[in-house]
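Every number here is computed from the coordinates shown, using simple stated rules; none is lab data. Only a predicted model underlies this, so the values are computations on that prediction, with no experimental measurement involved. Here the Cβ positions follow ideal geometry from the backbone for every residue, glycine too, while neighbour counts run over all protein chains shown.
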Amino acid sequence: MKPIKTSALAESVYYILLRLHQPAHGYALMKDISELTNNRVNLGAGTVYGALDNLQRKKWIKPLKNETYDRKIEYVITDTGKKFFQLELDRLEELLKNAKAIKEKVYENQN
């Protein structure tokens, strides 16, 4: 089977998909991603809601049926989103593996 070729996910999209393995609304995404990254990644409302719209169009996430009258819409990752998230995770793991291998090889040659 031929592997699916995809482009790298933006870090903001990666963290949104990661967080949406459990339901969350936009504000929770901003807060949780900031906490998860020790305030290194701080997403603004425009970035989050733009990404949520784009991810819904791709069918990578979906809104949950909101039974309450609260205006906050919770989203969750779909099976399609999980597939593309896993592809990105595999890509990142390959990058790290290759970096470690090259670094170890260079270090061994310096000694």
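Within 10 Å of each candidate Cβ there may be at most 14 other Cβ atoms; applying that plus a DSSP loop requirement, which GluC sites (Glu not before Pro) in the stretch 25-111 survive?
Sparse-neighbourhood loop GluC sites (Glu not before Pro): GLU67.
Where the only charges are on Cβ atoms (+1 Lys, Arg; -1 Asp, Glu), what is the dipole of the chain about its Cα centre, to the nearest 20 debye?
Roughly 340 debye for the chain.
Note down the nm distance, to one decimal, between modelled labels 7 Å out along Cα→Cβ at LYS103 and at ASP53.
If labels sit at LYS103 and ASP53, their model points lie 4.0 nm apart.
Using only the alpha carbons, work out the radius of gyration and Dmax of the stretch 11-110 in angstrom.
Rg, Dmax (Cα atoms, Å): 17.0, 65.
Can you give the FRET efficiency to the nearest 0.05 for LYS65 and ALA10, using r as the Cβ-Cβ distance and R₀ = 25 Å?
So the FRET efficiency works out to roughly 0.30.
For an R0 of 41 angstrom, estimate the FRET efficiency from the Cβ-Cβ distance between GLN110 and LYS82 and round to the nearest 0.05.
0.45
Let me check I've understood the local charge: for ASP32, count other residues with C-beta under 15 angstrom from its C-beta, Lys and Arg +1, Asp and Glu -1. What total comes out?
Computed value for this residue: +1.
Mean residue ellipticity at 222 nm from the helices of the chain, using -39,500 (n - 2.57) per DSSP H segment of n ≥ 4 over the full residue count, to the nearest 500 deg cm²/dmol?
That comes out to -19500 deg cm²/dmol.
Evaluate the relative contact order of the chain (contact order divided by residue number), counting alpha-carbon pairs under 8 angstrom at least 6 apart; express in whole percent.
Once normalised by length, the contact order is 27 percent.
What are the chymotrypsin sites (Phe, Trp or Tyr not before Pro) within the stretch 45-111 that DSSP puts in a loop, where the Cβ has at most 10 other Cβ atoms within 10 Å?
Values: sites: TYR49, TRP60, TYR69, TYR75, PHE84, PHE85, TYR107; in loops: TRP60, TYR69.
Filter output for the stretch 45-111: TYR69.
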